1. Charges at C-beta only: +1 for Lys and Arg, -1 for Asp and Glu. How large is the resulting dipole of segment 81-221 about its Cα centre, in Debye rounded to 20?
2. Calculate one ³J(HN,Hα) per residue across segment 178-194 by plugging θ = phi - 60° into the Karplus curve 6.51 cos²θ - 1.76 cosθ + 1.60, and present them in order as whole Hz with x for glycine and proline.
3. Run the 1.4 Å probe and let me know the accessible area of Ser187, rounded to the nearest 10 Å².
4. So how do His208, His221 rank on accessible area, 1.4 Å probe, biggest first, that is with the largest at the start?
5. Which order do Leu165, Leu119 take when ranked by solvent-accessible area (1.4 Å probe, heavy atoms of all protein chains), largest first?
6. So, with +1 on the Cβ of K and R and -1 on the Cβ of D and E, and no other charges, what is the size of the charge dipole of segment 21-89 about its Cα centre, to the nearest 20 debye?
7. Just how much of Phe223 is accessible, in Å², when a 1.4 Å probe is used and the result is rounded to the nearest 10?
8. Could you tell me which of Ala211, Ser187, Cys113 has its Cα farthest along the dipole of the chain towards the positive end, charges placed at Cβ (Lys, Arg +1; Asp, Glu -1), taken about the Cα centre?
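The values are calculated or read from the model by the stated rules, or taken from the named source; none is laboratory data. Bear in mind the structure is a predicted one, so any value in this text is a computation, not a measurement. For neighbour counting, all protein chains shown are included, and Cβ atoms are generated from backbone atoms with ideal geometry for every residue, glycine included. Protein only, heavy atoms only, side chains kept; ligands, DNA and RNA dropped before computing areas. Shrake-Rupley method; radii C 1.70, N 1.55, O 1.52, S 1.80 Å.
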Amino acid sequence: MPELDNPDTAAASSATATASALPDSGWRGSAELWLQAAYDSLIEAGIDAVRIMPLAKKLNLSRTSFYWFFKDRDALLTGLLAQWRQRNTDNLIGQTQAYAESVAEAVLNVFDCWLDQQLFDAQFEFAVRSWALQSPEVAAQVAAADEARLAALRQMFERFGMDALAADVRARTVYLTQIGYISMKTSEALAIRMQRIADYVQIFTGSHAEARELQRFYARHGFQPAAEAGQGI
């Protein structure tokens, strides 16, 4: 984990003790508020910007307010990584386990992650992977997350009758393609990406998605192919 915001541990302990001794009056924010500020700073400027004093200034709170919710900067960073795992890894695994009548629809369920930031936050993913370049501990967590996600994708393909090798290759093709999108900060208009969905499904699964499966997918993301086609897209 990166070094603490204040290397003087005694000073941090003193601040914590002072905060604890104060009467519980006035607004100090909340753990969620500090984590949101940490998230915003991570996305905007990287891990070096996630420090207690700049966050306190951003929130217009005192530095000692921080210690009501977190022991130190490392505790904040641990909470930030926990949010990343929950938002991206847990949600992706959940999508691989969602009901699907075919392997094509199962892949469409996974594709929901790439189009819904509540299921998978691409900016968060990019920021954590950048952070991992500076921290062996974070790099190990990213590697563990990659393996958990790939394992879930392999199991998804195996549920639809693929052998272990085919399931592994297809899982890697799906996952590494998307990580490439994120790493390259690829940006596509919704209409353009939706035009490619059916072909992606065919490439990733070896089978075509049924029209009803595509329609359910489009509906989840507020996309109307007929209307878009009428606009010449």
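1. On the way: 14 positive and 17 negative charges, 42 e Å.
The calculated dipole for segment 81-221 is roughly 200 debye.
2. 5, 4, x, 4, 5, 5, 8, 6, 5, 10, 10, 5, 4, 4, 5, 5, 5
3. Ignoring ligands and nucleic acids, Ser187 comes out at about 110 Å².
4. Details: His208 140, His221 35 Å².
Largest to smallest exposure gives the sequence His208, His221.
5. Numbers: Leu165 125, Leu119 40 Å².
Sorted descending by solvent-accessible area, the residues read Leu165, Leu119.
6. Numbers: 9 positive and 7 negative charges, 9 e Å.
Dipole size: approximately 40 debye.
7. 20
8. Selected residue: Ser187.
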